[in-house]
1. Determine the pairs where a residue that is among the charged types (D, E, K, R), located within region 6-32, has a partner that is modelled with pLDDT under 90 with Cβ atoms under 8 Å apart, the partner being 6 or more residues away or on another chain.
2. Suppose we filter region 63-82 for residues that are part of a helix (DSSP H, G or I) and open to solvent by less than 50 Å² (accessible area, probe 1.4 Å); how many remain?
3. Kindly indicate which of T26, T3 is open to solvent by 50 Å² or more (accessible area, probe 1.4 Å), of a type outside the set (D, E, K, R) and either modelled with pLDDT under 90 or in a helix (DSSP H, G or I) (or both).
4. Which of the residues spanning region 83-100 are open to solvent by 70 Å² or more (accessible area, probe 1.4 Å) and touching a residue at least 40 places away in the same chain (Cβ under 8 Å)?
5. T60 passes all but one of (1) at pLDDT below 90; (2) open to solvent by less than 70 Å² (accessible area, probe 1.4 Å); (3) among the hydroxyl-bearing types (S, T, Y); (4) in a helix (DSSP H, G or I); which number fails?
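The values are calculated or read from the model by the stated rules, or taken from the named source; none is laboratory data. Quick caveat, the model's predicted, so the values are computed rather than measured. Please note: Cβ atoms are built from the backbone with ideal geometry, for glycine as well, and neighbour counts cover all protein chains shown. What goes into the accessible areas is simple: the full protein's heavy atoms, side chains included, and nothing from ligands, DNA or RNA. Shrake-Rupley method; radii C 1.70, N 1.55, O 1.52, S 1.80 Å.
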Amino acid sequence: MTTTRTSSVAKSWGAAALYAVAAFLTLFSFAMTVEADDPAAFPGRQDDDGTFGALLCVGTAVVSAAVAVTALSRRPLSKAVCAAVVLVCVYRVIGVAGQF
C-alpha cells in the first residue's frame, strides 16, 4: 500500500514539474519574439531566430503538458491545465506564423 501511495505522489509531483516547465516555456516563447513584434524599438540588424525559438518552446511545452496529463489521466484539473497550455500555445503559433 505504501509503495502505491509513494508512486502516486511521485507521479503527481512529476506532473506538476512538467506543467511548470510547460508554463515557463510558453511564457518564454512570448519573450523570444519581443524584437520581432516591435522592430522599431530595436534598431540595427534584425535576426529572425526568435520565431524558430518561439515555435521550439511552444512545441516542447505541448509535449511536456501531454506527458503530464498522461501521468494524471484521471484528474479533471490536469486535463483542464493541459487544455489551457495547448490553447495558449496554439494562440502563440497563430501569432508567430506571420513572422516566418
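1. Every condition considered, the pairs that remain are K11/A71; K11/L72.
2. 8
3. Exactly one residue qualifies, and that residue is T3.
4. Step one: list which residues in region 83-100 are open to solvent by 70 Å² or more (accessible area, probe 1.4 Å), which gives 87, 90-91, 94, 98, 100.
Result: F100, single match.
5. (1)
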